[in-house]
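Undergrad: Below is one structure. I have some questions about it.
The values are calculated or read from the model by the stated rules, or taken from the named source; none is laboratory data. Bear in mind that the values here come from a model prediction, so they are computed numbers and not experimental data. We place every Cβ from the backbone using ideal geometry, glycine too, and count neighbours over all the protein chains shown. Please note that ligands, DNA and RNA were not included when accessible areas were found on the heavy atoms of the full protein model with its side chains. Shrake-Rupley method; radii C 1.70, N 1.55, O 1.52, S 1.80 Å.
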Amino acid sequence: MLGSLKLVLFLGVIYLCRAAEEDVLDLTDSDFSSVIAQHDTALVMFYAPWCGHCKRLKPEYAVAAGVLKTDDPPVALAKVDCTEGGKSTCEQYSVSGYPTLKIFRKGELSSEYNGPRESNGIVKYMRAQVGPSSKELRTVKEYEAYLNKDDVVVIGFFEKESDLKGEFIKTADKMREEVTFAHSSAKEVLDKAGYKDNVVLYRPKRLQNKFEESSVVYNGEGSIKAFIKEKYHGLVGLRQKDNMQDFTNPLVVAYYDVDYVKNAKGTNYWRNRVLKAAKEVSEATFAVSDKDDFTHELNEYGIDFAKGDKPVVAGKDADGNKFVMTNEFSIENLQQFAKDMLDGKLEAFVKSEAIPEDNSGPTKTAVGKNFKELVTESGRDALIEFYAPWCGHCQKLMPVWEELGDKLKNEDVDIIKMDATANDWPKSQFEVSGFPTIYWKPKDTSQKPVRYNGGRALEDFIKYIAEHASTELKGWDRKGNAKKEEL
């Protein structure tokens with residue numbers, strides 16, 4: 001009996017996956033133009049079956065397709081295999097990497113897709129591409145339907161044409177991909193809402209609470225855009241992968257099982273406690289995030305797995321230093337943690353490998369725990385390479401880096417390497433977006449580190465260091481020419 005139940009559940013999962021995939025149009029060179037022309041708005045994913053990023057995107061893309069096909073007007077999601085039946089189409093639209101996503105309108109290429117890669121983000125982004133940036137609400141029924149949406153909505157109420165309405169429409173045009181807008185001049189809607197010349201931000205019912213108002217009226221101070229940015233997430237925002245950039249430091253995040261689809265009551269049980277703490281500590285930004293969606297981020301705080309039902313709390317101060325709340329979650333402990341973080345009373349968490357027992361060689365190894373001593377406060381010039389162990393370019397550079405260290409072992413310059421996947425460093429000073437990334441750090445702390453963009457040959461590095469060294473090198477002149485040894 002149990003075995004049969006498992007089989008039924010397994011087959012059900014397969015069916016749902018296939019059903020979701022069937023919502024995505026599978027196009028080839030032979031039918032691409034004719035099918036795309038049938039849709040007012042379509043999003044097309046150009047992919048290769050072997051591409052890892054494509055494999056990760058496909059299930060999210062399929063879920064979004066199932067949601068968007070029922071919209072009014074609907075948005076079609078399609079895919080084209082660039083390695084088989086869609087080669088010519090991919091060439092026609094200059095596809096050079098995978099996955100590439102493009103938006104089409106009535107069969108014509110409209111723009112590149114630059115939105116999120118998660119289902120919710122795809123849905124929100126594509127809905128913003130359809131129709132006017134702000135929907136006109138003509139009836140009370142339409143107005144009430146907007147209030148029942150799962151997202152924040154911003155509604156403009158205008159009894160007549162005005163400068164406020166003009167600014168509202170311009171704001172909607174600029175923010176249509178981020179925010180859901182609507183407006184009305186219908187008397188029955190204005191009477192029902194109780195507004196005549198106002199812009200109002202409404203929070204979705206799932207996020208409404210007793211600690212803040214469920215709707216906020218724009219008071220005319222500053223721009224409408226600034227008002228929306230300030231009020232959008234409220235006291236405690238729902239922080240997801242597609243809106244992370246909205247939450248600025250100092251930031252305190254409670255990670256737990258956040259699920260407004262299957263367990264809205266349980267989700268709000270913990271969020272309400274975070275709200276109570278946030279009400280008392282207004283200097284910090286507060287948010288809740290799903291612990292499964294942010295496993296990698298928790299790993300960056302040294303948390304391998306968030307055990308139990310209670311939230312795990314971590315935060316960053318204004319300078320981006322990381323902190324972890326070690327006490328068990330409670331409203332009082334959360335408040336104290338946030339206050340202590342803001343007051344600089346906590347020891348920052350530093351992700352770090354062990355400090356090397358012997359670091360006296362010509363090429364030195366920096367880790368999170370010795371970065372300040374070895375790099376930022378060493379009082380010496382340094383050339384530092386941020387690398388990843390799996391990076392082929394880094395592996396190719398490594399023997400050159402070791403030889404460079406050996407060549408300069410008698411100079412007042414440190415040649416340093418750091419595994420950027422296993423250690424923290426001051427990211428505000430050293431921005432690393434790929435591997436290897438190399439920085440020149442002058443010994444004068446008043447001078448900022450400079451990103452090195454020169455050649456990767458030994459001679460290139462020596463020439464650069466010879467030119468930029470605080471004190472002229474013993475073995476090379478400022479142009480990088482080797483000095484002759486005196487007899």
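Undergrad: Being open to solvent by less than 90 Å² (accessible area, probe 1.4 Å) and part of a helix (DSSP H, G or I) is the filter here, so list the residues in region 446-462 that pass it.
TA: Matches in region 446-462: Leu458, Asp460, Phe461, Ile462.
Undergrad: Which members of region 116-135 meet the condition of being modelled with pLDDT of 90 or more, of a type outside the set (Ser, Thr, Tyr), open to solvent by less than 20 Å² (accessible area, probe 1.4 Å) and out of contact with any Pro (no Cβ under 8 Å at 6 or more places or on another chain)?
TA: Gly121, Val123, Met126 - these are the residues of region 116-135 that are modelled with pLDDT of 90 or more, of a type outside the set (Ser, Thr, Tyr), open to solvent by less than 20 Å² (accessible area, probe 1.4 Å) and out of contact with any Pro (no Cβ under 8 Å at 6 or more places or on another chain).
Undergrad: Something else now. Exactly one condition in (1) open to solvent by 70 Å² or more (accessible area, probe 1.4 Å); (2) free of Cβ contacts under 8 Å to residues at least 40 places away in the same chain; (3) part of a loop (DSSP other than H, G, I, E, B) is false for Gln245; which is it?
TA: Status for Gln245: all satisfied but (3).
Undergrad: Is it the case that region 386-399 has a residue that's under 25 Å from Ala348 (Cα atoms) and of a type in the set (Gly, Ala, Ser)?
TA: yes
Undergrad: Which numbered condition trips up Val63, out of (1) under 24 Å from Gln240 (Cβ atoms); (2) open to solvent by less than 30 Å² (accessible area, probe 1.4 Å)?
TA: For Val63, the exception is condition (2).
Undergrad: Another one. Please work out if Ser34 is open to solvent by 10 Å² or more (accessible area, probe 1.4 Å), free of Cβ contacts under 8 Å to residues at least 60 places away in the same chain, farther than 21 Å from Arg117 by Cα and small (Gly, Ala, Ser).
TA: Answer is yes for this residue.
Undergrad: Give me the pairs, please: first residue somewhere in region 279-293 and in a strand (DSSP E or B), second residue anywhere and crowded, with 18+ Cβ neighbours inside 10 Å and among the aromatic types (Phe, Trp, Tyr), beta-carbon distance under 8 Å, and either six or more positions apart or on two chains.
TA: If the second residue must be crowded, with 18+ Cβ neighbours inside 10 Å and among the aromatic types (Phe, Trp, Tyr), the pairs left are Val288/Tyr255; Val288/Tyr256; Val288/Trp270; Ser289/Tyr255; Asp290/Tyr255; Asp290/Tyr256.
Undergrad: The conditions are (1) touching a His at 6+ places or on another chain (Cβ under 8 Å); (2) open to solvent by 30 Å² or more (accessible area, probe 1.4 Å), and Phe157 fails exactly one of them. Which is it?
TA: Among (1) touching a His at 6+ places or on another chain (Cβ under 8 Å); (2) open to solvent by 30 Å² or more (accessible area, probe 1.4 Å), the lone unmet condition for Phe157 is (2).
Undergrad: Report the residue count in region 68-84 for those that are surrounded by fewer than 20 Cβ atoms within 10 Å (Cβ to Cβ), touching a helix residue (DSSP H, G or I) at 6+ places or on another chain (Cβ under 7 Å) and touching a residue at least 40 places away in the same chain (Cβ under 8 Å).
TA: 1
Undergrad: Give all pairs with beta carbons closer than 7 Å in which a residue from region 379-406 that is free of Cβ contacts under 8 Å to residues at least 40 places away in the same chain meets a residue that is buried (at least 20 other Cβ atoms within 10 Å of the Cβ); count only pairs at least 6 apart in sequence or on separate chains.
TA: Hits for this filter: Trp401/Glu385; Trp401/Ile415; Trp401/Lys417.
Undergrad: Among the strands (runs of 3 or more DSSP E) lying completely within region 85-195, list those that include at least 1 residues that are closer than 22 Å to Cys51 by Cβ, in contact (Cβ under 8 Å) with a residue 24 or more places away in the chain and aliphatic (A, V, I, L, M).
TA: The strands (runs of 3 or more DSSP E) meeting that bar are 100-105.
Undergrad: Kindly evaluate Asn327 against the criterion of being free of Cβ contacts under 8 Å to residues at least 24 places away in the same chain, open to solvent by 50 Å² or more (accessible area, probe 1.4 Å) and in a loop (DSSP other than H, G, I, E, B).
TA: When the stated conditions are applied, Asn327 passes them.
Undergrad: List the number of the failed condition for Ile416; all other conditions in (1) in contact with a helix residue (DSSP H, G or I) (Cβ under 7 Å, 6 or more places away or on another chain); (2) over 22 Å from Asp444 (Cβ atoms); (3) of a type outside the set (Lys, Arg) hold.
TA: Result: Ile416 passes all but (2).
Undergrad: If you check Glu188, Glu178, which single one turns out to be closer than 22 Å to Ile122 by Cα, open to solvent by 50 Å² or more (accessible area, probe 1.4 Å) and touching a helix residue (DSSP H, G or I) at 6+ places or on another chain (Cβ under 9 Å)?
TA: Being closer than 22 Å to Ile122 by Cα, open to solvent by 50 Å² or more (accessible area, probe 1.4 Å) and touching a helix residue (DSSP H, G or I) at 6+ places or on another chain (Cβ under 9 Å) holds for just one of Glu188, Glu178, which is Glu178.
Undergrad: Can we say Ser215 is closer than 23 Å to Leu235 by Cα, in contact with a strand residue (DSSP E or B) (Cβ under 7 Å, 6 or more places away or on another chain) and small (Gly, Ala, Ser)?
TA: yes
Undergrad: Only residues that are outside any strand (DSSP E or B), touching a residue at least 24 places away in the same chain (Cβ under 8 Å) and within 23 Å of Leu397 (Cα to Cα): list them for region 434-445, please.
TA: Within region 434-445, Phe435, Pro436, Pro442 meet the criteria.
Undergrad: So, of the residues in region 209-266 that are small (Gly, Ala, Ser) and within 19 Å of the chain's Cα centre (by Cα), which turns out to be farthest from Ala64 (Cα to Cα)?
TA: Among them, the one singled out is Ala254.
Undergrad: Let me ask something else about it. Could you please let me know if Ala314 is in a strand (DSSP E or B) and over 20 Å from Gly234 (Cβ atoms)?
TA: yes
Undergrad: Follow-up. I'd like to know if region 340-360 contains one or more residues that are farther than 30 Å from Tyr256 by Cβ, in contact (Cβ under 8 Å) with a residue 24 or more places away in the chain and open to solvent by 10 Å² or more (accessible area, probe 1.4 Å).
TA: no
Undergrad: Hey, another quick one. When the residues of region 37-60 are narrowed to those that are assigned to a helix (DSSP H, G or I) and open to solvent by less than 10 Å² (accessible area, probe 1.4 Å), which ends up farthest from Arg127 (Cα to Cα)?
TA: Among residues in region 37-60 that are assigned to a helix (DSSP H, G or I) and open to solvent by less than 10 Å² (accessible area, probe 1.4 Å), the one farthest from Arg127 (Cα to Cα) is Cys54.
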